[in-house]
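Bear in mind these aren't lab numbers, they're just calculated from the coordinates by the rules spelled out. The shown structure was predicted, so the numbers you read here are calculated from the model rather than taken from an experiment. All Cβ positions, even for glycine, are placed from backbone atoms using ideal geometry, and neighbour counts span all protein chains on display.
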Amino acid sequence: MPENDARNAVLVGGAINTDLVARTTRAPEAGETVTGSDFNVFGGGKGANQTVASARSGVRTAILGAVGQDDFGRQRLADLQREGVDVAAVTIDASMASGVALIAVEESGENRILYVPGATLTVTPEQAATAFDQVRPDVVLTTLELPIPTLERLYKAAREAGAVTMLNATPEPENGRTLVPLADVLLVNESEAVSLSEHSDGSPNWVDVAEALAALGPRCVVVTLGAAGAVVRDGQRMERIAAPPVEVVDTTGAGDAFCGAMAARLAEGVDPIEAARVGVAAGSLAVTKAGAQPSMPHREEIDRLVETTR
Ligand code: RIB
């Protein structure tokens, strides 16, 4: 990222993975072998996917993360650089393998993911502080893929500098409890929302769940509901945003597309509810293509779809 570049910026903290993706009529049960139909290798990792989504929205974007000194790591960094992402804050750790995800995608487009973080777990709080100082972002967006002390340091730097903090509490939302009160924007899917809000109701009212999550501290809460769109609570405003109907090919990375596109608009100063509307459109577009990073939509496609949903 060139020095003195005053454009709006997003710094994403998260995993850079290689996704090994098999398509199958149905995923195997324990002890069972199922014959799949298709195999592909894609760039993945929630952090890296969100970075690509933000960059494709035309905002200056950097990533804080780590890869191993291996072919997967080199390929993933090259992918990110091709997207114009600043990778100066990515460390290469020779003692660890790069992150990998084993993904089974069923005919319905639903997926099951086994994720091995590898080098992602080596990112330190000091590296987070340095990355923040170098990028000076308007928005810090993270998942829970980096170590929690590292994320806490990043959020502290962001809050001291007045940057917007956006937490996508995934995977394993229960690990993010200390971060939730530090987030200006909390973005979760249904199961993550239930886990963090400790709702025991089998079919919760998502408006109530969003209220409960807002009581934990974030000014803006977004609960994504897949094909049903999202519920957004921002301050005293509550809005349901419907998702446009699309043909589902692969749901992998839909939440990442939502987060990256929304973060880019927040960096431009767009109103959070409007930014979430952009996120819904980005997530809807992402499910129409196979793979995580290849399916992250560009700004023009998102804007066209948003216009059809007004
Ligand atoms: O959100 C999708 C991502 O989760 C995949 O790209 C995979 O790497 C997993 O971590």
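Side notes on the structure shown:
- Region 57-104, Cα convex hull volume normalised per residue, Å³: 90 Å³
- Calculated [222 nm] ellipticity per residue, helices only, for the chain: -10500 deg cm²/dmol; basis is -39500 (n - 2.57) per DSSP H run with n ≥ 4, divided by all residues, nearest 500.
- Full extension of the chain between Val270 and Met238 yields a length gain of 9.8 nm, computed as 0.36 nm times the residue separation minus the alpha carbon distance.
- Percent antiparallel among DSSP beta bridges (both partners in region 173-269, rounded to 5): 65 percent
- Kirkwood hydrodynamic radius of the chain, from inverse mean 1/r over distinct Cα pairs, in Å: 19.1 Å
- Scoring 195-206, 15-26, 115-126 by mean Cβ neighbours within 10 Å over their residues and listing the highest first yields 15-26, 115-126, 195-206.
- Antiparallel beta bridges, as assigned by DSSP with both residues in the chain, represent about 40 percent of the total such bridges.
- Stokes-Einstein translational diffusion, region 136-260 - Kirkwood Rh over all Cα pairs, 0.890 mPa s, 25 °C, in µm²/s: 165 µm²/s
- Spatial extent of region 19-83: Rg and Dmax, with the Cα atoms as the point set, Å: 15.5, 47
- Counting only DSSP beta bridges whose two residues both lie in region 1-103, roughly 30 percent are antiparallel.
- Only Cα pairs under 8 Å and 6+ residues apart enter the sum, and on that basis the relative contact order of the chain stands at 18 percent.
- Shape class of region 167-222 from the Cα gyration tensor (axes a ≥ b ≥ c, square roots of the eigenvalues): oblate, since a/c reaches 1.5 or more and a/b does not exceed b/c.
- Working note: Debye formula, equal point scatterers on the alpha-carbon atoms of region 113-180, no solvent; log10 I(q)/I(0) at q = 0.18 Å⁻¹ is -0.65.
- Karplus-based coupling profile of region 208-220, in residue order and whole Hz: 5, 5, 4, 4, 5, 5, 5, 5, 7, x, x, 6, 10, with θ = phi - 60° in 6.51 cos²θ - 1.76 cosθ + 1.60 and x standing for Gly or Pro.
- For region 235-305, the equivalent ellipsoid derived from the alpha-carbon gyration tensor has semi-axes of 21, 13, 10 Å in decreasing order.
- Size descriptor, Kirkwood hydrodynamic radius, that averages inverse alpha-carbon separations across region 31-127, Å: 14.7 Å
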